[in-house]
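Rule-based calculations on the coordinates, nothing more; no lab input. Just so you know, these numbers come straight off a predicted model, no measurement behind them.
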Amino acid sequence: MEILVRGKAMGEFSYIKKLGDMLLRVAYHESVHTGQLLDYMSTMRVARPNIWD
């Protein structure tokens, strides 16, 4: 299954990606943000949740 993605971040653009590829990209993107948040919490010496198995 392919999906068309449209946006206006830096002008009009569109591209076609397979659904599985987009889902992996979204999951990776969110995991990067989670890591950044945990790093910030560590820097502030705030107790961090143990979210890893």
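Worth pointing out:
- A cut-off of 5 Å between modelled amide H atoms, ignoring neighbours fewer than 5 places along the same chain, links residue 17 with 3, 5.
- Gain on full extension, evaluated as 0.36 nm per residue between residue 22 and residue 38 minus their Cα-Cα distance, stands at 3.3 nm.
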